Amino acid sequence: MNLPKQVMLREVGPRDGLQAEKAFLPTEEKIELINALSKTGLCYIEATSFVHPKAIPQLADAEELLSRIHRNPEVTYGVMVPNPKGAQRAVSSKVDDMMVFFSASETHNLKNVRMTVEQSLQNIQDVLDIAVKADIPVSAIIATSFGCPFEGEISENRLIDLVGRLNDMGIMDIYFGDTTGMANPKQVHNLSTKLLSSFPESRFGLHFHNTRGAGSANILAGLQAGVTRFDGSIAGLGGCPFAPGATGNVSTEDIVHMMEAMGIKTGIDLKALISCARKVQEYIGRELPGQVMKAGICPCSGGLKRYAA
C-alpha cells in the first residue's frame, strides 16, 4: 500500500458537530471541551461559527467562547464564516483561520445558504477581502462534493471548475465534503488523484460523514491517492442540519486509531482524545457513534504499541 508517513487532522466537532444538536450545549462545557482538545496534540480545532444566531442558535456564543478558551500557541483555532459581517466578527475575535463554504450542488446551496453558487463565490470574495486586510488565512470547503441528495451525482469537471475559481481568488487550502455520506472509495480515489495532479499548488483535504458506514474506507482511499489532510469530529458528532439523512462525521479518535495502527503519524495522543470523546458523550447525554472510545485501543501494531502497557 502506498501510504503517507504523516497526516494532518482537523477537529471539527465544536462547530460542525455541535451545530447539528437540538439542544444548546452550555458555553462552559464547550470551553472545557476545546481546552481539553487543545492538549491532545491536535494542530487545528474548528471552534465555532459566526453564522447568525437565529440560523444556528447552538453557536450563538461564538464571541464569548473565543474570548474565554485557553489558546494553545501550537493550535490553530479556526471558525466558519458565512458572510462579510461574520468575517468582521471573526477579525474582532482574533481568530487564526477563516473557513468559507458553499455547495457543489446548486439545489443544496440554495437550501443551505439561500444563494446560488455564483452568489456564494462573490460572497467568498468579499470575505476574503476582509481576511486579507487582517492577515488571516482563508480555507474553503465544498459541500456535497461526492453527491447531492437533491441532484444526485456531482461531476468531476464541476469540482475542477470550482477549484479553479477558488485558486484564482487565492484560496489554496480546499476541503471536499461528503455532506450526506454518498461517497465510495473508488470515487474518492479517482477524484483525489485527478485533483492532486490538476492542481499541484493546492492543499486538498477530505471531510467525510459516516452516513452509510463507508467513512473509514473513503479515508483509506484518499490516503492511497496521496491526500494527507482530513477532518474528524470528536465521538462522531455532527450531520448537516440542512440535508436529509446526514448523520455524523467520522469520529476523530477512530481516524487516529486507524492511522496510527497503519504506522501513519498523526501527532495526537489517542488516550487523551478518547477521554475527550467520553466527555462529549456525557455532555450530550446519549450514546454517540465513535467506536474506539467504546472498544478501547488495540495496541498490536504501528504507533499503537506504545499503549500496550
Subject >> Sole residue being touching a Phe, Trp or Tyr at 6+ places or on another chain (Cβ under 6 Å), buried (at least 22 other Cβ atoms within 10 Å of the Cβ) and not in a helix (DSSP H, G or I), chosen from ILE154, ILE142 >> reply: ILE142
Original post:
Of LEU206, LEU273, LEU223, LEU195, which residue is touching a helix residue (DSSP H, G or I) at 6+ places or on another chain (Cβ under 9 Å) and either among the polar types (S, T, N, Q) or surrounded by fewer than 24 Cβ atoms within 10 Å (Cβ to Cβ) (or both)?
Top reply: LEU195
Original post:
If you check GLY303, GLY263, GLY213, which single one turns out to be among the small types (Gly, Ala, Ser), more than 18 Å from the chain's Cα centre (by Cα) and exposed (fewer than 15 other Cβ atoms within 10 Å of the Cβ)?
Top reply: GLY263
**OP:** Could you please find all residues in segment 178-203 being closer than 25 Å to GLY78 by Cα and touching an Asp or Glu at 6+ places or on another chain (Cβ under 8 Å)?
**Re:** SER202, ARG203
**OP:** Kindly provide the set of residues from segment 137-157 that are in contact with a Lys or Arg (Cβ under 9 Å, 6 or more places away or on another chain) and of a type outside the set (Gly, Ala, Ser), ordered by number.
**Re:** PHE150, GLU156
Original post:
Restricting attention to segment 11-45, which residues are crowded, with 24+ Cβ neighbours inside 10 Å, part of a strand (DSSP E or B) and not aliphatic (A, V, I, L, M)?
Top reply: GLU11
Original post:
Within segment 1-9, is there a residue that is touching a residue at least 12 places away in the same chain (Cβ under 8 Å) and more than 23 Å from THR228 (Cα to Cα)?
Top reply: no
**OP:** Check segment 180-196 and report whether any residue there is over 14 Å from MET99 (Cβ atoms), at pLDDT below 95 and not polar (S, T, N, Q).
**Re:** yes
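The values are calculated or read from the model by the stated rules, or taken from the named source; none is laboratory data. A quick note: this is a predicted structure, and the numbers were derived from the prediction, not measured. Please note: Cβ atoms are built from the backbone with ideal geometry, for glycine as well, and neighbour counts cover all protein chains shown.
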